[in-house]
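The structure appears right after this line, and notes come after that.
The values are calculated or read from the model by the stated rules, or taken from the named source; none is laboratory data. These numbers come from a predicted model, not from an experiment. Backbone-built Cβ (ideal geometry, glycine too); neighbour counts: all protein chains shown.
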Amino acid sequence: METAVDRNIFREAMSRLGAAVCVVTSNGPAGRCGTTVTAVSSVTDTPATLLVCLNRNARANAVIRGNGLFCVNVLTHDHVDLAGHFAGQTGVPSESRLDGIDHGVLVTGAPVLDGALVAFDCRVQNVMESGTHSIFLAQVADIRLGDEGKALMYFQRRYAALDERGA
């Protein structure tokens with residue numbers, strides 16, 4: 001018989017696993033959205049594929065499912081306010097978070113944030129469910145490399161900057 005790990009201990013343990021801060025955006029027939037995430041990972045380079053996890057109750061989850069596409073915008077250390085904005089800390093609803101934010105598009109038409117360290121323009125290939133979250137597997141259709149700089153990381157419930165030296 002399996003015993004469940006205490007949710008609070010698990011959350012504390014995960015806070016000690018540093019992660020890059022990204023904004024996942026989408027636009028299409030199901031609507032427009034932008035949300036801050038740290039659950040992004042490379043799956044394979046042939047074909048280039050990313051994994052993104054989103055809470056099933058998040059509006060962005062339904063929008064991305066409906067549109068079948070998204071862009072992972074990796075934030076720089078200068079984007080702390082942007083991370084908070086897309087995380088909903090400013091009270092702006094998900095469908096309006098892109099209003100007034102400089103962005104363009106690549107192949108899929110998903111919003112690509114100006115100034116992102118890198119942007120991965122993706123088409124959803126598969127969606128799996130696990131607990132409270134959906135796991136989106138997506139093939140990368142295009143990439144825009146931004147200027148080099150310090151990445152915005154999330155570690156122990158705080159934002160931090162990280163460059164190539166680890167500082």
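Scan PHE136, PHE155 and give me the residue that is within 28 Å of THR46 (Cα to Cα) and aromatic (Phe, Trp, Tyr). Let's see the steps before the verdict.
On the way: PHE155 fails: within 28 Å of THR46 (Cα to Cα).
Of the residues listed, the single one that is within 28 Å of THR46 (Cα to Cα) and aromatic (Phe, Trp, Tyr) is PHE136.
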Do any residues in region 77-106 that are acidic (Asp, Glu) have Cβ atoms under 7 Å from those of residues that are at pLDDT 95 or above and buried (at least 18 other Cβ atoms within 10 Å of the Cβ), where the two are at least six apart or on different chains, and which pairs are they?
-> GLU95/ARG32; GLU95/CYS33
How about region 72-106: which of its residues are under 20 Å from ASP147 (Cα atoms) and part of a loop (DSSP other than H, G, I, E, B)?
-> LEU75, ILE101, ASP102, LEU106
Within region 86-97, identify whether any single residue is under 13 Å from the mean Cα position of the chain (by Cα) and either among the aliphatic types (A, V, I, L, M) or crowded, with 17+ Cβ neighbours inside 10 Å (or both), and answer yes or no.
-> yes
Long-range neighbours under 8 Å by Cβ, at least six apart or interchain, first residue under 15 Å from MET128 (Cα atoms) within region 55-68, second at pLDDT 95 or above and in a helix (DSSP H, G or I) | ASN55/ASN61
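Residue by residue, here is whether (1) at pLDDT 95 or above; (2) of a type in the set (Val, Ile, Thr); (3) over 17 Å from ALA60 (Cβ atoms) holds:
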{"residue": "LEU98", "(1), (2), (3)": "yes, no, no"}
{"residue": "ILE101", "(1), (2), (3)": "yes, yes, no"}
{"residue": "LEU106", "(1), (2), (3)": "yes, no, yes"}
{"residue": "PHE120", "(1), (2), (3)": "yes, no, no"}
Could you pull out the residue among SER15, SER42 that is among the polar types (S, T, N, Q) and either in contact (Cβ under 8 Å) with a residue 60 or more places away in the chain or in contact with a Pro (Cβ under 9 Å, 6 or more places away or on another chain) (or both)?
-> SER15
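Of the residues CYS71, CYS33, only one is touching an Asp or Glu at 6+ places or on another chain (Cβ under 7 Å), free of Cβ contacts under 8 Å to residues at least 60 places away in the same chain and more than 14 Å from ALA20 (Cβ to Cβ); which? Spell out the reasoning first.
Details: CYS33 fails: free of Cβ contacts under 8 Å to residues at least 60 places away in the same chain.
After ruling out the rest, the residue left standing is CYS71.
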Taking first residues from region 120-137 that are assigned to a strand (DSSP E or B) and second residues anywhere that are of a type in the set (Phe, Trp, Tyr), the pairs with Cβ under 8 Å that are 6 or more apart or on different chains are CYS122/PHE70; VAL124/PHE70; VAL124/PHE136; ASN126/PHE136; VAL127/PHE136; PHE136/PHE70
In region 143-160, what residues are of a type in the set (Gly, Ala, Ser) and either assigned to a loop (DSSP other than H, G, I, E, B) or out of contact with any Gly (no Cβ under 9 Å at 6 or more places or on another chain) (or both)?
-> GLY146, GLY149, ALA151
